[in-house]
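Structure first, then comments.
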Amino acid sequence: MFASVEQKVLQSVAMQLMNEEEVVLEDQKLRVKRVGSGRLRVVQFKLNGRMFEAIEQNRMKPSRWGQLAKEKHQVVQFRDVLTHKYVGVSVDGEITEYGRS
C-alpha cells in the first residue's frame, strides 16, 4: 500500500508527465520520452529504492482507463519495472492502487 508521501510523489510525477518535458523529483531530473505509434509519454523514476515507470494511458484502449483518457482526463498508469506489474493509476491526480494478487 502506498503511504501518503508516496501518493504525493506519484501525483507529482503524473501531473509533470502530462504537462512538462521533464519530471523533477527531489534528487532526480528525468526527461519525458515519447514511445510507440501513439507517441505516449513515459518516464522512469526511483521511489523507495524501486524503479517505476509512469505511462500515459492510450486513449484507443477499450478499458475504462482508456475511456477516461478519451474523455480528456489525464490518466497515467504506474508499473514496477522489475516485476512488469502495474501497481496503480492516476486519474486527474487521484491515485488508485491496484489490489495485490
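The values are calculated or read from the model by the stated rules, or taken from the named source; none is laboratory data. The structure presented is a predicted model; accordingly, all values stated were derived computationally and were not measured. Every residue, glycine as well, gets a Cβ built from its backbone with ideal geometry; the counts of neighbours run over all protein chains shown. Just the protein is used for accessible areas: all its heavy atoms, side chains included, with ligands, DNA and RNA removed. Shrake-Rupley method; radii C 1.70, N 1.55, O 1.52, S 1.80 Å.
Structural remarks
- Among Arg50, Arg59, Arg79, the largest mean-square fluctuation in a Gaussian network model of the chain (Cα springs under 10 Å) belongs to Arg50.
- Among residues other than Glu53 with Cβ under 12 Å from its Cβ, the summed charge is +4 (Lys and Arg +1, Asp and Glu -1).
- Integer Hz, Karplus 6.51/-1.76/1.60 couplings in order for the range 39-55, x for Gly and Pro: 6, 6, 6, 9, 8, 9, 8, 9, 9, 6, x, 10, 8, 10, 10, 9, 10
- Residues whose placed amide H lies under 5 Å from that of Val81, excluding near-sequence neighbours: Met51, Phe52, Glu53
- Residue among Gln67, Gln44, Gln28 with the largest mean-square fluctuation in a Gaussian network model of the chain, springs linking Cα atoms under 10 Å: Gln28
- Surrounding net charge for Glu71, when Lys and Arg each add one and Asp and Glu each subtract one, Cβ distance under 15 Å: +2
- Solvent-accessible area per residue for the range 1-100 (1.4 angstrom probe, square angstrom): 65 Å²
- The H on the amide N of Leu25, modeled in the peptide plane, is under 5 Å from the matching H of Leu30, each at least 5 residues off or on a different chain.
- Long-range amide H partners of Gly88 with built H, under 5 Å: Phe78, Tyr98
- For the chain, the relative contact order comes to 20 percent (Cα pairs under 8 Å, sequence separation of at least 6).
- ³J(HN,Hα), Karplus 6.51/-1.76/1.60, whole Hz, each residue of the range 61-76, x for Gly, Pro: 6, x, 5, 4, 5, x, 5, 4, 5, 5, 7, 6, 7, 8, 10, 10
- Of all accessible heavy-atom area on the chain, the percent that carbon and sulfur account for (1.4 Å): 51 percent
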